[in-house]
Amino acid sequence: QVQLVESGGGLVQPGGSLRLSCVASGFTFSSSTMQWYRQAPGKQRERVAFITSTRNTNYVDSVKGRFTISRDNAKNTVNLQMNSLKPEDTAVYYCYTPQVPSYWGQGTQVTVST
C-alpha cells in the first residue's frame with residue numbers, strides 16, 4: 001500500500017526553523033518527483049517545492065532562500081528544511097508525488113506565531 005507519512009511540524013516563533021520529513025513507501029521512490037504542498041485554513045493547497053529524481057529543485061517565490069527540499073533515496077525520505085519562518089507559513093504541510101495521483105497523507109501542522 002502507498003504511504004506518505006509526514007512529520008516534524010510544530011509551533012515555532014517567527015524567525016525560527018523546522019525540518020519536515022516524509023517517509024514514503026509503496027512506489028519506486030528513487031525515480032519519483034517529490035513535492036511539498038501546504039494548505040492554510042480557508043485557502044487553496046499550494047505547492048511549496050519539488051525535487052526531481054535527478055535532484056533538480058524548485059520553490060514558490062514566497063519561500064525561496066528560506067526553505068530547502070532534499071531527498072534521501074536510501075531512506076525513501078523527502079525533507080523540507082524551513083528557516084526564517086514567518087506567520088504566513090502557517091499551514092498543514094503535505095508531501096505528494098505525481099507517481100501516485102490523488103494520494104495525500106495526513107500532513108503535519110506548522111504554526112508560526114508569537
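The values are calculated or read from the model by the stated rules, or taken from the named source; none is laboratory data. As the structure is a computational prediction, the values presented were derived from the model and not from experiment. We place every Cβ from the backbone using ideal geometry, glycine too, and count neighbours over all the protein chains shown. Each accessible area value is taken on the protein alone, full model and side chains, heavy atoms only, with ligands, DNA and RNA left out. Shrake-Rupley method; radii C 1.70, N 1.55, O 1.52, S 1.80 Å.
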## Note on the structure
Inside the stretch 75-114, the number of residues satisfying the requirement of being in contact with an Asp or Glu (Cβ under 9 Å, 6 or more places away or on another chain), among the β-branched types (Val, Ile, Thr) and within 16 Å of SER32 (Cβ to Cβ) is 1
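Give me a count of the residues in the stretch 18-35 that are under 20 Å from ASN58 (Cβ atoms) and part of a strand (DSSP E or B). Break it down into steps so the answer makes sense when it comes.
First, the residues of the stretch 18-35 that are under 20 Å from ASN58 (Cβ atoms): 19-22, 24, 29-35.
Then keep just the ones that are part of a strand (DSSP E or B); that gives 19-22, 24, 34-35.
So the count comes out to 7.
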### Query
From the residues in the stretch 7-17 that are in a strand (DSSP E or B) and of a type in the set (Gly, Ala, Ser), which one is least open to solvent (accessible area, probe 1.4 Å)?
GLY10
### Message
Show the residue pairs meeting these rules: Cβ distance below 6 Å; 6+ apart or different chains; first residue within the stretch 18-38 and within 10 Å of ALA49 (Cβ to Cβ); second residue open to solvent by 10 Å² or more (accessible area, probe 1.4 Å) and not in a strand (DSSP E or B).
### Response
TYR37/ARG45
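Step by step: first the residues of the stretch 18-59, then only those that are among the β-branched types (Val, Ile, Thr) and more than 14 Å from the chain's Cα centre (by Cα), then the one that is surrounded by the fewest Cβ atoms within 10 Å (Cβ to Cβ). Which residue is that?
THR54
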### Task
May I ask you to verify whether SER62 is open to solvent by 40 Å² or more (accessible area, probe 1.4 Å), in contact (Cβ under 8 Å) with a residue 24 or more places away in the chain, within 27 Å of GLN1 (Cβ to Cβ) and not in a loop (DSSP other than H, G, I, E, B)?
no
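Please go through the stretch 72-87 and pick out each residue that is open to solvent by 20 Å² or more (accessible area, probe 1.4 Å) and in contact (Cβ under 8 Å) with a residue 40 or more places away in the chain.
The first filter runs over the stretch 72-87 and keeps only residues open to solvent by 20 Å² or more (accessible area, probe 1.4 Å), leaving 72-76, 81, 83-84, 86-87.
Selection gives ASN73, LYS75, ASN76, GLN81, ASN83, SER84, LYS86, PRO87.
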### When residues of the stretch 95-114 are limited to those that are more than 22 Å from GLY15 (Cα to Cα) and among the polar types (S, T, N, Q), the one least open to solvent (accessible area, probe 1.4 Å)
THR97
